[in-house]
Each structure stands twice: as C-alpha cells, then as structure tokens.
1. Among the residues of segment 101-116, are any open to solvent by less than 60 Å² (accessible area, probe 1.4 Å) and modelled with pLDDT of 85 or more?
2. Test L218 against the stated conditions and say whether it is more than 16 Å from L276 (Cα to Cα) and touching a Phe, Trp or Tyr at 6+ places or on another chain (Cβ under 7 Å).
3. Take segment 17-44 and flag every residue that is at pLDDT below 80 and open to solvent by less than 30 Å² (accessible area, probe 1.4 Å).
4. How many residues does segment 131-164 contain that are modelled with pLDDT of 75 or more and more than 19 Å from V288 (Cβ to Cβ)?
5. Can you tell me how many residues within segment 232-267 are part of a strand (DSSP E or B) and either open to solvent by less than 80 Å² (accessible area, probe 1.4 Å) or touching a strand residue (DSSP E or B) at 6+ places or on another chain (Cβ under 8 Å) (or both)?
6. Does segment 157-168 hold any residues that are farther than 21 Å from L274 by Cα and open to solvent by less than 10 Å² (accessible area, probe 1.4 Å), and which are they?
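The values are calculated or read from the model by the stated rules, or taken from the named source; none is laboratory data. No experiment lies behind these values; they were computed from the predicted model shown. Positions of Cβ are backbone-derived with ideal geometry, glycine not excepted, and every protein chain shown enters the neighbour counts. All accessible areas refer to the heavy atoms of the entire protein, side chains included, with ligands and DNA or RNA removed. Shrake-Rupley method; radii C 1.70, N 1.55, O 1.52, S 1.80 Å.
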Amino acid sequence: TMTVGDSVEFKCSAYDIADHLPNWPKHDLTIEIIFESDLTRDLTSTEHGWWIDSFVRSKARPSFKTGRIDIHETAEVTAFKQRLEKSDEGWYRCRACIYEDTELQACDYNNAKFYLQVNNPRGAPDDPVPDKTKPSNVNRTALETSRSSCQVFGDPHIISFDGMSYNFPGTSCDYVMALDRTAGSFFVYGRMRPCGKIAQGLCLESITLYAKGDAIELQRGWILNHKGQKVETAKLKEPTKVGEFEVSFEGTTLVVRVLLKESVLYDLRMQDWLLLHWDGLTAVTIEVLKPLRHKVCAATTTSTRPTTTTSGARSTTTRWFCRRV
C-alpha cells in the first residue's frame, strides 16, 4: 500500500537452464512487467513516468556427461517511478518468456502477480465510505480473491500448486491437469502427444476446460473450439464472451476466465475466478483460488508409470502424486 506522491520500485527476475548442441537454435530468455489492469498501458513509455531497466546474463559450460552445452540464463527487470499517481493503482505481473531464434516457445506466469494500492494523501478527499448498516443502491465493487497457480510445459514438466517440480513420463493419453475434488466445480484435461518425430517425450497438444455446464478446448495456434465452432483468438481486439467463458488474447497468450463463485459482503463482490494461460504451443498455467488449491488434484490418469520430482523421489502410483499436488 502506497500513497499518491510516493516513489516505488519493482524488481522481477527469472532463471532458466537448458542443454544445447552447437548447431541448435539460439536460446533467449526475456522478462517484463505488465500492467494487467490496463494492457494498453506501456510502462516503457515515458508518458506514464516509469523508468524501466532490464538485463540478461548468460553463462555457457560444457556438460561432459551429456556431450552438450549447458546454458544458464538470468533475466532481471526493474521498474521505478518517482511520484505515484492514483491511476497507477491496479494489478501488475512479471512475465518471463523463452525464444528460440526469435520464435516464442513459452511464457511463465506462475505467482508473480501483485496488486499496488495507491491511497490519496492524508487530508485529501477519498471516495465516500458507504453506511454498511443500510442497504446501498450504488454499484458494488468487485474484489478478486488471491489465487495460486500450477504449470505444465515441455516434455512434460510440472510445477505444482505448492511449488514442487516434477518430470512426468506419461503416455499418449488425456490427463487430468486439475480438478475440484470437493465440489466438482471444474475439470481441466490435457491431451498429451509425442513432441515430434525425432524429439523424445510428450507435449501438450490441447487443453479442455469443463465448468458451469459448459466446455471449451484450447488448441495449438491459439485456436479455441466451443461446441464445434472455432475461433482464431489471435485476431481478438478485446475480451469476448464465449458461452460461460471470457476469452482474451494478451500479447502472445490466450487467457480464458470463468467465474466459479461470487459472494457479497456489504458493498463488495468477492469473486472466485479460474484462469487458464495457454501459450498456443505446449505450456499452460492454471490459476485457482488459494484456499481451493488444497482440494485440487492435478496431472493424474490411470497410468502407473513413475513420477520423478526434482529431489529424485519417485512414486509408482498416481494416487500419491494426486495427493501431493
């Protein structure tokens, strides 16, 4: 929480490691800060008074074990503003993306989202506070509740809602990415198929979301399938309502939102949203209400192939993995 006239500084960083052969495409990591409350606002423009500084550092070392080259990349971005304005209040997010020879591969959203509240100076008139003992006829203010996220990407790798990382050697199958085990308010399925004719492993081919009696499929190339009707979301200029879902194309990401629950406290509407961020290729980020994450099961199927965590632990039952995530 800040006050109009205060100075503020944000800093975001991202880290990536990959192995390469000398003739493989160039690998680049980028990071930026975006103002999610108004995606048309460019923070790098001097019009809004922000100072943006970023750098990328990479280190290459041979890996004698694999015969390849390990590339370690670190990207950082800093945003600074000398005097905050009321219009700076809103949601901000750090977004890191990976490119190969200028071609976008994936973007990582994770939990790097925060709300900047900017109050008026002491003594300045604030918005009137409604009398909570009487019914109010004014429009209620919507307030988003905090969310937690998980991610599935690559061939495939999984970052669970509690921050654990997994390598999941599955089979060509439709997997449960996430579901509400208690109320059954939503189901997210992922279709896994071979990453390529030469490359090993499986990659996401599409994502299907079931919620509020409706279903929507997210396909490669940012194509959306709703009841057999396909939408090229990359051509969308503004958020669009598709059945029970709100769909938008933000930068290089297809975002699907669905309101699972809404409650009213005095003049505030408390909204519980489920969000999917689909990079149009092989990566998806799923955001749920934070208190709900302990009731969510992810990346499960009837397969009994072992799951490996970054710590080396292995499980031969998906029941354990489901409970862990």
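1. The answer is yes; a qualifying residue exists.
2. Working: more than 16 Å from L276 (Cα to Cα): no; touching a Phe, Trp or Tyr at 6+ places or on another chain (Cβ under 7 Å): yes.
Criteria not met by L218.
3. Those that are at pLDDT below 80 and open to solvent by less than 30 Å² (accessible area, probe 1.4 Å): A18, H20, H27.
4. Of the residues in that region, 4 qualify.
5. Here is the first cut: in segment 232-267, the ones part of a strand (DSSP E or B) are 232, 240-242, 245-250, 253-265.
So of that shortlist, the ones also either open to solvent by less than 80 Å² (accessible area, probe 1.4 Å) or touching a strand residue (DSSP E or B) at 6+ places or on another chain (Cβ under 8 Å) (or both) come out as 232, 240-242, 245-250, 253-264.
The qualifying residues number 22.
6. First, pick out the residues of segment 157-168 that are farther than 21 Å from L274 by Cα: 157, 165-168.
Passing the criteria: only Y166.
Conditions tested, residue by residue: (1) assigned to a strand (DSSP E or B); (2) basic (K, R).
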| residue | (1), (2) |
| --- | --- |
| Y166 | yes, no |
| G184 | no, no |
| R193 | yes, yes |
| C203 | yes, no |
| I207 | yes, no |
| Y210 | yes, no |
| K230 | yes, yes |
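Conditions (1) open to solvent by less than 20 Å² (accessible area, probe 1.4 Å); (2) at pLDDT below 85; (3) basic (K, R), marked per residue:
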| position | (1), (2), (3) |
| --- | --- |
| D174 | no, no, no |
| L179 | no, no, no |
| R191 | no, no, yes |
| C203 | yes, no, no |
| Y210 | no, no, no |
| A215 | no, no, no |
| K227 | no, no, yes |
